[in-house]
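Structure, as structure tokens:
What follows is calculated from the coordinates using simple rules that are stated; it is not laboratory data. What you see is a predicted model; the values in this text were computed from it and never measured. Methodologically, a virtual Cβ is constructed for each residue, glycine included, from the backbone with ideal geometry; neighbour enumeration extends over all protein chains shown.
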Amino acid sequence: MNPSVLILGATSDIGMALAEKFAQNGYPLVLAARNSQRLAPLQSDLEIKYGTGCEVLEFDITHTDTHQATWDKLQEKPGITICVAGYMNENERVIKDTAETLKTIATNFTGPVALLNIIAADYAEKGKGIIAGISSVAGLRGRQSNYIYGSAKAGFTAYLSGLRNRMYSHGVHVLTVLPGFMDTKMTAHLKLPRLLTAQPARVADAIYRGILKKKNTIYIKWFWKWIMFIIRHIPESIFKKKKL
């Protein structure tokens with residue numbers, strides 16, 4: 001029997017695509033989001049189409065004081081956790097508005113870390129479990145166009161790497177997902193190059209395969225690995241002058 005899958009940030013385009021992918025492959029679901037009412041149509045659709053169990057959970061990843069209680073009240077703990085939660089606003093607004101700065105950091109870094117610490121401890125005690133976190137290539141080198149968001153994702157990427165190292169001896173696997181551009185509601189205000197942009201269904205397929213194969217780190221489109229390799233190795237004396 002397949003383990004159940006907890007999707008954090010299930011109202012996002014990627015979250016919904018992941019729910020569809022796992023449901024069609026026979027995995028029971030726990031869908032968590034700040035506005036659980038928005039998940040009702042998806043829950044009904046998945047149950048009718050695939051006959052799989054689908055629980056909906058009201059949850060805000062930035063409310064760290066609720067994390068332990070939320071996890072504890074799940075009668076059957078999901079064996080797979082996928083953290084899709086994320087937030088990105090226009091960089092100029094974020095750097096001028098302290099509330100936006102803190103929201104960006106809380107949604108992309110401190111909130112996920114606080115919750116995944118709790119889940120990882122539970123998995124380690126059981127000696128099994130899979131955690132997947134969606135970070136970003138934006139965290140691989142700070143750029144003036146999105147360095148607040150990028151720095152939060154850089155922290156999350158480092159966290160997932162350390163967690164993977166710690167959890168290996170406990171039989172728990174941790175996957176880091178590094179998408180490039182994605183065609184989602186969060187990026188709707190951006191003009192993205194079509195060739196470099198992945199659709200939600202493709203992202204979900206890649207994450208599903210990565211979890212099954214117990215990959216450590218995956219890029220959604222292969223060329224992002226090499227694009228970021230080049231960007232990361234531009235000398236700082238040159239890089240700081242670039243408009244990126």
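Using amide H atoms built 1.01 Å from N in the peptide plane, name the residues 5+ places from Ala132, or on other chains, whose amide H lies under 5 Å from its own.
Thr81, Ile82, Cys83, Leu175
Top mean-square fluctuation among Ala124, Ala19, Ala138, Gaussian network model of the chain, C-alpha springs under 10 Å?
Residue with maximal mean-square fluctuation among Ala124, Ala19, Ala138: Ala124.
Sequence neighbours fewer than 8 away in the same chain don't count; with that in mind, list the lysines whose C-alpha is under 18 Å from Lys243.
The qualifying lysines are Lys191.
What is the Cα centroid distance between the stretch 132-171 and the stretch 224-242, reported in whole angstrom?
Each part's Cα centre sits 18 Å from the other's.
With a/c under 1.5 counting as rounded, go ahead and sort the chain into rounded, prolate or oblate using the C-alpha gyration tensor (a ≥ b ≥ c being the square roots of the eigenvalues; past the cut-off, prolate if a/b is larger than b/c, else oblate). Show your work: numbers first, answer last.
Details: a/c = 1.56, a/b = 1.50, b/c = 1.04.
Prolate shape, in that a/c is at least 1.5 and a/b is the bigger ratio.
Among the lysines, which fall within straight-line cross-link reach of Lys126, defined as a Cα-Cα distance under 28 Å, with same-chain neighbours fewer than 8 residues apart omitted?
Answer for Lys126, where 28 Å is the Cα cut-off: Lys21, Lys73, Lys77, Lys213, Lys214, Lys215, listed by chain and number.
When a footprinting reagent is the concern and you count Cβ atoms within 10 Å, what order do Met228, Met88 take, fewest first? Write out the running numbers ahead of the final one.
Values: Met228 18, Met88 22.
Going from sparsest to densest Cβ surroundings: Met228, Met88.
Tell me the Kirkwood radius of the stretch 48-97: reciprocal of the mean inverse pair distance over distinct alpha-carbon atoms, in Å. All intermediate terms of the calculation are to be shown ahead of the outcome.
Working: mean 1/r = 0.0697 Å⁻¹.
Hydrodynamic radius (Kirkwood, Cα only) of the stretch 48-97 equals 14.4 Å.
For the stretch 1-116, place one equal point scatterer on every Cα, skip the solvent, and apply the Debye formula. What is log10 of I(q)/I(0) at q = 0.14, 0.17, 0.23 Å⁻¹?
-0.58, -0.81, -1.27
Which of the helices in the chain meet the span-like rule: DSSP H, Cα axial reach of 20 Å or more, Kyte-Doolittle mean at least -1.0?
Details: long enough: 111-126 (23 Å, 0.64); 147-167 (29 Å, -0.08).
Long hydrophobic helices here: 111-126, 147-167.
Between Lys96 and Ser145, what is the label-to-label distance in nm when each label sits 7 Å out along the Cα-to-Cβ direction?
My value for the distance between the label points is 2.0 nm.
Subtract the Cα-Cα distance of Ile234 and His170 from 0.36 nm times their separation in residues, and report this length gain in nm to one decimal. Intermediate results must be reported in sequence, preceding the final value.
On the way: separation 64, 0.36 × 64 = 23.04 nm, distance 3.81 nm.
The span from Ile234 to His170 would gain 19.2 nm if fully extended.
222 nm [θ] for the chain, helices only, -39500 (n - 2.57) per DSSP H run of 4+, per residue, to 500? Display every interim value, and only then the final one.
Numbers: 10 runs with 107 residues, N = 244.
Theoretical 222 nm ellipticity from helices: -13000 deg cm²/dmol.
Between Gln199 and Lys103, what is the label-point separation in nm under the 7 Å Cα-to-beta-carbon projection?
Each label point lies 7 Å from its Cα, and together they span 3.1 nm.
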